[in-house]
Amino acid sequence: MNIYDSRGYLNTKHIEEIADRNKIAFIIIIGKRQIGKTYGVLKLMLDEDKRFILLRGMKTELEMLERGVNSPFEKIHGYEGKILFDKNSDYTAEIVRQEIRLDDEGESHIENTIIGMGAALSSIGRVRGFNGDIYTDVVFDEMIPESHLLKVRHGGDAFLNMYTTVAGNRELEGRPPLRVWCLANSNNLDSDILQALDITDVVEKMSLRGEESRILKDRGIMIL
């Protein structure tokens, strides 16, 4: 499975096509920095006009995005307008595409379009009256925090509860499953999320063998 483009970056469109063919719900991407994990997946969300949730681990990380600090959208090219985080509750922020439009008289005005939601795994369970039907994808950035940073307590349970809440009954209704992109750097494989999905041993064996990709089709999981 060739998962890179001609420049050596992840080919997220090709990865998505493979996932679609195999009815994959969970795409786990663990790799070194600067190979286009976050960039490529978020650009795919924008290019395909997907309604998505950008998930981080801790609420403090979401608050930094709301303040415009280290936004993963800043370096994404090839689209018009800015992508901003607009806090809309104690636990979530709307992801807004802001564009300048010209009206019929040639006057410019700002047009805001909600394209997604920012949330934190540590607090998304506190959101009440949540309707996840409108979202097709969850992008869990930095799924495995660096060793010196705080981890979400009972992170595996929180992750599975998040998935159940957002996914709802869509598969019973004949719709595609909610897709989760779990993105992490490869410096550490100690992850409650990998344990919750019961793939820690699989990932460790892949790492030892230099195995780059594996599809667990019966479980709807692809590991890269």
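The values are calculated or read from the model by the stated rules, or taken from the named source; none is laboratory data. Keep in mind that this is a model prediction, so the values were computed, not measured. Neighbour counts are summed over all protein chains in view; Cβ atoms, including those assigned to glycine, are modelled from backbone coordinates with ideal geometry. Just the protein is used for accessible areas: all its heavy atoms, side chains included, with ligands, DNA and RNA removed. Shrake-Rupley method; radii C 1.70, N 1.55, O 1.52, S 1.80 Å.
Hey, could you check the range 113-170 for residues that are among the hydroxyl-bearing types (Ser, Thr, Tyr) and closer than 18 Å to Arg51 by Cβ and say which is surrounded by the fewest Cβ atoms within 10 Å (Cβ to Cβ)?
If we take residues in the range 113-170 being among the hydroxyl-bearing types (Ser, Thr, Tyr) and closer than 18 Å to Arg51 by Cβ, then Thr113 is surrounded by the fewest Cβ atoms within 10 Å (Cβ to Cβ).
In this structure, does Gly156 turn out to be in contact (Cβ under 8 Å) with a residue 40 or more places away in the chain, among the small types (Gly, Ala, Ser), over 21 Å from Gly116 (Cα atoms) and in contact with a helix residue (DSSP H, G or I) (Cβ under 9 Å, 6 or more places away or on another chain)? Walk me through it before giving the result.
Values: in contact (Cβ under 8 Å) with a residue 40 or more places away in the chain: yes; among the small types (Gly, Ala, Ser): yes; over 21 Å from Gly116 (Cα atoms): yes; in contact with a helix residue (DSSP H, G or I) (Cβ under 9 Å, 6 or more places away or on another chain): yes.
Answer is yes for this residue.
Out of (1) part of a loop (DSSP other than H, G, I, E, B); (2) under 22 Å from Val180 (Cα atoms); (3) open to solvent by less than 60 Å² (accessible area, probe 1.4 Å), the odd one out for Met1 is which?
With respect to (1) part of a loop (DSSP other than H, G, I, E, B); (2) under 22 Å from Val180 (Cα atoms); (3) open to solvent by less than 60 Å² (accessible area, probe 1.4 Å), Met1 is out only on (3).
Could you list all residues from the range 51-97 that are open to solvent by 70 Å² or more (accessible area, probe 1.4 Å) and assigned to a strand (DSSP E or B)?
Passing the criteria: Lys82, Asp86, Lys87.
Scan the range 180-195 and give yes if some residue there is free of Cβ contacts under 8 Å to residues at least 40 places away in the same chain, open to solvent by 40 Å² or more (accessible area, probe 1.4 Å) and closer than 24 Å to Arg56 by Cα, otherwise no. Break it down stepwise before answering.
Here is the first cut: in the range 180-195, the ones free of Cβ contacts under 8 Å to residues at least 40 places away in the same chain are 195.
If we keep only those that are open to solvent by 40 Å² or more (accessible area, probe 1.4 Å) too, we end up with 195.
The next check asks that each one be closer than 24 Å to Arg56 by Cα; those that pass are 195.
The answer is yes, given that some residue of the range 180-195 is free of Cβ contacts under 8 Å to residues at least 40 places away in the same chain, open to solvent by 40 Å² or more (accessible area, probe 1.4 Å) and closer than 24 Å to Arg56 by Cα.
Conditions tested, residue by residue: (1) in contact (Cβ under 8 Å) with a residue 40 or more places away in the chain; (2) outside any helix (DSSP H, G or I); (3) open to solvent by 50 Å² or more (accessible area, probe 1.4 Å).
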position: Arg7; (1), (2), (3): no, yes, yes
position: His14; (1), (2), (3): no, no, yes
position: Ile28; (1), (2), (3): yes, yes, no
position: Arg33; (1), (2), (3): yes, yes, yes
position: Asp49; (1), (2), (3): yes, yes, yes
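Step by step: first the residues of the range 103-132, then only those that are without any contact (Cβ under 8 Å) to a residue 12 or more places away in the chain and among the small types (Gly, Ala, Ser), then the one that is nearest to Glu63 (Cα to Cα). Which residue is that?
Checked the range 103-132; the qualifying residue nearest to Glu63 (Cα to Cα) is Gly129.
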